[in-house]
Amino acid sequence: MKNRNMVLLAIIFGVITCYLIYGYLTGIEKKVTNVELSKVVVTTGDIHTKTVLTPEMLQIKELPEEYIHPLAFRKIEDAVGRVVTVQLAKGEQLLTVKTAKWGETKEGLAYTIPDGQRAMTVAIDEISGIAGLIKPGDCVDIAAVLSIVDLNTQKETPYSFIVLQNISVLAVGKNMDSAGQSDAKNITLAVTVEQSRPLLLASQKGSVRLMLRSPLDSGTVSTQPLKPADILQ
């Protein structure tokens, strides 16, 4: 009789335990089911630093809003074209602070250089640098005076000529912001590889001066080298 009562009590407690477990699991299921899901951009694979993001590298994933980082991208189109500044892992939420947009100076000079161009620095002084009034974002023409030796007479003749036109200024001294440095001793320009060759030659062998352009003027002028005798003609 005693054993029968024990078995009965065990059955009762077992039923109660199952009921409690069922109620607990049902409550969790309801809680999970009622969670608000939101869209967030995640990576489809590992992405290396300095990679330009493309749509294939990203996908939309739905997560509970409380698990989405406040700086995460919500739309793929907002992230495409940006540059990754740190290593990213597969499935990671893409954060704005881990990418940079071309033209932003916070990540350094490299992110302000236009595609297909290079940054090149030339020395300036108060005269050649337009009295320190040039600012990053301005455009300049570059003029130079270079002495050419006549191979027959061995006589040097100075020539003035326009080296390059409509060249963008990336930095003045170490400043990449809109405010220029009046005391800067150098200026960094955006040039193509081909443009870098005459600029390098002129800055090393001649006297270089910058000419500040109006933001409304993007044209170029065809000119020929000028020697002192040409001024009298």
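At-a-glance table
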quantity: Residue that is modelled with the highest pLDDT, among those in the stretch 129-150 that are of a type outside the set (Gly, Ala, Ser), part of a loop (DSSP other than H, G, I, E, B) and surrounded by fewer than 20 Cβ atoms within 10 Å (Cβ to Cβ); calculated: 135
quantity: Residues within the stretch 81-128 that are surrounded by 14 or more Cβ atoms within 10 Å (Cβ to Cβ), of a type in the set (Val, Ile, Thr), part of a loop (DSSP other than H, G, I, E, B) and over 12 Å from the mean Cα position of the chain (by Cα), tallied; calculated: 1
quantity: Hits in the stretch 45-66 (condition: over 24 Å from the mean Cα position of the chain (by Cα) and not hydrophobic (A, V, I, L, M, F, W, C)); calculated: 61, 62, 64, 65, 66
quantity: Residues being over 23 Å from the mean Cα position of the chain (by Cα), crowded, with 19+ Cβ neighbours inside 10 Å and at pLDDT below 85 - total across the stretch 168-205; calculated: 1
quantity: Every residue from the stretch 35-57 that is more than 27 Å from residue 109 (Cβ to Cβ), in contact with a strand residue (DSSP E or B) (Cβ under 6 Å, 6 or more places away or on another chain) and not in a strand (DSSP E or B); calculated: 35, 44
quantity: The one condition in (1) at positive phi; (2) aliphatic (A, V, I, L, M); (3) in contact with a Pro (Cβ under 8 Å, 6 or more places away or on another chain) that residue 146 fails to fulfil; calculated: (1)
quantity: Number of the exception - residue 187 against (1) closer than 19 Å to residue 104 by Cα; (2) without any contact (Cβ under 8 Å) to a residue 12 or more places away in the chain; calculated: (2)
quantity: Answer from 233, 204 - the residue that is out of contact with any helix residue (DSSP H, G or I) (no Cβ under 9 Å at 6 or more places or on another chain), not small (Gly, Ala, Ser) and not assigned by TED's automatic domain parsing to the domain that holds residue 122; calculated: 233
quantity: Residue in the stretch 59-74 that is closer than 19 Å to residue 102 by Cβ, at pLDDT 90 or above, among the aliphatic types (A, V, I, L, M) and in contact with a helix residue (DSSP H, G or I) (Cβ under 6 Å, 6 or more places away or on another chain) present; calculated: no
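The values are calculated or read from the model by the stated rules, or taken from the named source; none is laboratory data. Since we're looking at a predicted model, the values are computed, not measured. Neighbour counts are summed over all protein chains in view; Cβ atoms, including those assigned to glycine, are modelled from backbone coordinates with ideal geometry.
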